[in-house]
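What follows draws every value from the coordinates through simple rules; no lab data is involved. Computed from a prediction, not measured in an experiment: that's the story for all the values here.
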Amino acid sequence: MLLTGTASAADRININTADASTLQQGLTNVGPQKAQAIVAYRRQHGPFLRVEDLARVKGIGTATVERNRRRMTVGAMTAPTVAPPRRAVPAPVPRR
């Protein structure tokens, strides 16, 4: 079997669901403080929509994001299971 340097989708770390320990162990240049900062940012601001959004976390720069790009994923973004409530359409106003 030929081994390549890229990680498959199954091997990638989902930065939206991984705990601090998993982030620390799986990502380069991410220690305990940065891993905790990622988890705290995610709790406060919600899930990351793109891998690039990780650079918004204090202490994580674009170089760290690029270095770990092939190791990370944000997971499959799914549509809501319940349709949002429909708003009532106002009745047309007759013209004079």
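For segment 50-61, just list the computed ³J(HN,Hα) in residue order, Karplus coefficients 6.51, -1.76 and 1.60, θ = phi - 60°, integers in Hz, with x standing in for Gly and Pro.
9, 4, 4, 5, 4, 5, 6, 6, 4, x, 10, x
Would you grab the residues whose amide H sits under 5 Å from the one on T73? Only those 5+ places off in sequence or on another chain, please, with H modelled 1.01 Å from N.
It is I13, N14, I15, by chain and number.
Taking 0.36 nm per residue of sequence separation and subtracting the Cα-Cα distance, how much length would be gained by fully extending the chain between R96 and R43, in nm to one decimal?
Roughly 13.6 nm would be gained on extension.
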